[in-house]
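What follows is a short report on a single structure.
The values are calculated or read from the model by the stated rules, or taken from the named source; none is laboratory data. Bear in mind the structure is a predicted one, so any value in this text is a computation, not a measurement. Cβ atoms come from the backbone with ideal geometry, glycine included; neighbour counts cover every protein chain shown. Protein only, heavy atoms only, side chains kept; ligands, DNA and RNA dropped before computing areas. Shrake-Rupley method; radii C 1.70, N 1.55, O 1.52, S 1.80 Å.
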Amino acid sequence: MTAADLDTRIELHDATGFAGMRAAGRLAAECLDMLVPHVVPGVSTLALDQLAYAFILSRGAVPATIFYRGYSHSLCTSVNHVVCHGIPSEKPLREGDILNIDVTVVLDGWHGDTSRMFFVGEVPLKARRLVDVTWECLMKGIAQARPGNRLGAIGHAIQTHAERNRMSVVRDFCGHGLGRRFHMAPNVVHVGKPNEGPELVPGMFFTIEPMINLGRPESKILPDGWTAVTRDRSLSAQFEHSIGITDDGCEIFTTSPAGLDRPPYGG
Ligand code: MF3
Ligand code: CO
Ligand code: CO
């Protein structure tokens with residue numbers, strides 16, 4: 001999602017919404033769990049996309065991304081220096097690659113949106129460090145998601161942790177409200193100050209999905225109109241959870257039921 005196209009009113013949801021998002025979020029997380037053993041050297045991201053498509057339909061849901069603004073796949077698969085919105089292709093994954101797999105399902109009208117990093121075989125130490133810091137950024141952002149805080153507290157926590165580790169935060173894409181629609185207010189930027197942005201209140205649903213680069217933060221979109229890459233070709237990583245603000249904190253809707261929230265996944 002780019003920053004420009006969201007309006008500013010933030011919808012608030014009740015227990016029905018939380019139940020719907022819990023089910024949709026769990027299904028999206030289960031889809032990523034299902035993919036874990038399939039991410040190995042030689043497999044194509046298109047093959048992973050086909051597995052995800054069949055899995056989502058078999059569970060009575062649909063992929064939110066098919067027909068979304070002309071997109072035609074179930075997953076985004078963003079390898080190495082791809083920041084986000086990588087299109088599944090026949091190109092095989094190679095030992096040492098890192099990739100993000102991002103899936104959004106629509107179940108009973110509710111959107112579950114989540115992404116994780118995956119390692120293809122053994123990956124270099126600096127890539128593993130990037131993935132660890134990116135995971136920590138997401139969780140530090142989530143730790144700020146509670147009533148009374150402003151949205152800027154989330155971006156501030158993420159930016160502080162990334163920059164302390166001499167990594168950079170992508171500005172060109174952000175998290176977003178979601179619920180019965182895929183992308184809505186608020187815009188969740190991953191940088192900022194604690195006193196910026198709307199105050200968080202119970203019933204808000206949004207994603208937090210920091211993209212962190214080993215090099216500079218600038219990205220550009222390839223001629224396919226989707227694939228965003230780092231301008232300096234440095235490695236990029238991302239994790240995403242969908243959350244709901246509760247009375248005393250937040251509920252993460254997209255936690256892995258199998259405990260496979262971050263690599264390495266073993267096996
Ligand atoms: N799931 C992505 C997000 O986190 C959006 C993908 S849109 C697509 O917002 F069309 F590129 F698939
Ligand atoms: Co996503
Ligand atoms: Co998202």
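Look at the range 154-177: where a residue is among the acidic types (Asp, Glu) and a partner is open to solvent by less than 50 Å² (accessible area, probe 1.4 Å), sitting 6+ places away or on another chain with Cβ atoms under 6 Å, you get Asp172/Ser219. For the range 59-68, the criterion of a residue being open to solvent by 20 Å² or more (accessible area, probe 1.4 Å), away from ligand 1 (no atom under 14 Å from the Cβ) and aromatic (Phe, Trp, Tyr) is satisfied by no position. Apart from one condition, Pro194 fits all of (1) in a loop (DSSP other than H, G, I, E, B); (2) touching a helix residue (DSSP H, G or I) at 6+ places or on another chain (Cβ under 7 Å); (3) within 16 Å of ligand 3 (Cβ to nearest atom); (4) not hydroxyl-bearing (Ser, Thr, Tyr); the exception is (3). Contact map, the range 236-261: first residue more than 25 Å from Arg181 (Cβ to Cβ), second residue open to solvent by less than 10 Å² (accessible area, probe 1.4 Å) and part of a loop (DSSP other than H, G, I, E, B), Cβ cut-off under 8 Å, separation 6 or more or different chains; pairs are Ser236/Val170.
The single condition among (1) among the charged types (D, E, K, R); (2) in contact (Cβ under 8 Å) with a residue 60 or more places away in the chain; (3) open to solvent by 40 Å² or more (accessible area, probe 1.4 Å) that Arg129 does not meet is (2). Quick check on the range 82-94. Is at least one of its residues surrounded by 19 or more Cβ atoms within 10 Å (Cβ to Cβ), over 17 Å from Thr254 (Cα atoms) and more than 16 Å from ligand 1 (Cβ to nearest atom)? Within the range 82-94 (the criterion being surrounded by 19 or more Cβ atoms within 10 Å (Cβ to Cβ), over 17 Å from Thr254 (Cα atoms) and more than 16 Å from ligand 1 (Cβ to nearest atom)), the answer is yes, since at least one residue qualifies.
Kindly check whether there is at least one residue in the range 69-79 that is charged (D, E, K, R), touching a strand residue (DSSP E or B) at 6+ places or on another chain (Cβ under 9 Å) and under 21 Å from Gly175 (Cα atoms). Within the range 69-79 (the criterion being charged (D, E, K, R), touching a strand residue (DSSP E or B) at 6+ places or on another chain (Cβ under 9 Å) and under 21 Å from Gly175 (Cα atoms)), the answer is no, since none of the residues qualifies. Among all residues of the range 99-115, there is at least one that is in contact with a strand residue (DSSP E or B) (Cβ under 9 Å, 6 or more places away or on another chain), more than 15 Å from ligand 3 (Cβ to nearest atom) and closer than 21 Å to Pro264 by Cα. For the range 134-153, filtered to residues that are without any contact (Cβ under 8 Å) to a residue 60 or more places away in the chain and assigned to a helix (DSSP H, G or I), the residue that is farthest from Ala228 (Cα to Cα) is Ala143. Looking across the range 197-226, the residues that are surrounded by fewer than 21 Cβ atoms within 10 Å (Cβ to Cβ) and outside any loop (DSSP other than H, G, I, E, B) come down to Glu199, Lys220, Ile221. Quickly run through the range 34-69 and pick out the residues that are assigned to a loop (DSSP other than H, G, I, E, B), away from ligand 3 (no atom under 16 Å from the Cβ) and free of Cβ contacts under 8 Å to residues at least 40 places away in the same chain. Answer for the range 34-69, where residues must be assigned to a loop (DSSP other than H, G, I, E, B), away from ligand 3 (no atom under 16 Å from the Cβ) and free of Cβ contacts under 8 Å to residues at least 40 places away in the same chain: just Phe67. Of the residues making up the range 173-193, those that are open to solvent by 70 Å² or more (accessible area, probe 1.4 Å) and over 28 Å from Ala28 (Cα atoms) number 1. Here's a check for you: in the range 132-148, which residue that is farther than 24 Å from Tyr265 by Cβ and surrounded by fewer than 19 Cβ atoms within 10 Å (Cβ to Cβ) is modelled with the lowest pLDDT? Across the range 132-148, the extreme among qualifying residues is Gly148.
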